[in-house]
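This report concerns only the one structure given below.
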Amino acid sequence: MNNKHIGNKILSAIVLSAMILATFGGCGDKNSSSDLSSLTQSEIDAVQKPGLKFTYGEPVESQNELDKADPTAPAVTSASENNSNNVVTSVAVVTDASGNAVTEIADVTEAGGAVVTEKVVVTDDAGVAVTEAGGEVVTTVVNVTQVVQKTEVITNIPQSSGGNDTQVTTSGNNNNNYQSNMKSFNAMWLDVSEHQNYTFNDTFIEVKVKINQDIPDGKYPINITWPDFACYDPEMIGKPVKTDHSVNGYIYVNTPAESQDIPSDGFVVYAENVEAKQGEEAVLKFAIKNNPGICAVNFHFEYDENAITIDEAYAVGEFEEISKGHLD
């Protein structure tokens, strides 16, 4: 991730807090400041607690290689490495809950990729060959098929900032034309009107999406690219609050979701895994654990715009009453 972008994101919430606290005073009776005398109550509220704002569909700032590389490239028989961006792609056999290989019917192809066909006799429901008026047996050309183990392509993309790898998994068959298009979603909130911090936990933001109809089966990343928080502290204007753990999630399309390892210690923000099928609606859920107390949020995640369409976003839980934020 570009360090310049990191700096911009972390400073945005801090600077916003600094502007407000510098204008109205960072301590004491909030109504005692003479700076408030020339402003109406609505103007004061607009500056001290502007509400929860959502923006989305912006090009990604992290230079994520998912925006450039095709995550559904043709299957390979062994791991390979791209020396220019350290992308490592491998193929794994899909297994069911019992660990058994999942099979599917696939066309037989020649070395050049052409589908193998054969001429077969057309039969009726009773299995008797169909003949023409002159007694000649009717035949038709069909693709030759075989039962094969279902595979999936796993692409590991190291983050240039040294963070956790980004992993994209997609089905290994018939997905050669798919191209991801990573975009950024941002939620921003600030409230210093009460000169205090808020300690909401659990799910705090939900984003309702539509799974696009023609995408391949597989899992699509929901990457928390920068969770930027700040707290109210009279000793330090816009004091940043660093998360101890940030856990990405995935949208599993027509694929069973895997379990997530969510740390129990420290300040944690995470995206929950979700299952859905093509054409269905799904709700992306973002949660917080062990919130130490914050007054500002500048929360970014990246999603594949070719895989999902955002419908609406809103605050939930304790955060709903605090922020009163909603995107239609």
| field | Restraint check, Lys49/Lys285; Lys208/Lys239; Lys53/Lys277; Lys49/Lys324; Lys208/Lys285; Lys210/Lys285, Cα-Cα greater than 20 Å | value | Lys49/Lys285; Lys208/Lys239; Lys53/Lys277
| Based on Cα positions only, what radius of gyration and what Dmax would you give for segment 103-149, in angstroms? | 14.4, 44
| note | When Tyr178, Tyr232 are ranked with the fewest other C-beta atoms within 10 Å first, the list becomes Tyr178, Tyr232
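Only Cα pairs under 8 Å and at least 6 apart count here; give the relative contact order of segment 103-149 as a rounded whole percent.
50 percent.
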| query | Considering the dipole of segment 103-149 built from charges on the beta carbon (Lys and Arg +1, Asp and Glu -1) around the Cα centre, which of Thr123, Val137, Ala106 is farthest to its positive end? | reply | Ala106
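Would you please put 295-305, 258-268, 49-59 in order of how densely packed they are, using the mean number of other Cβ atoms within 10 angstrom per residue and starting with the highest?
295-305, 49-59, 258-268
Read-outs: derived from the displayed coordinates by stated rules, not from any lab. Since the structure is predicted, the reported quantities are computational estimates derived from the model, not experimental observations. Cβ coordinates were reconstructed from backbone atoms using ideal geometry, including for glycine residues, and neighbour counts include every protein chain displayed.
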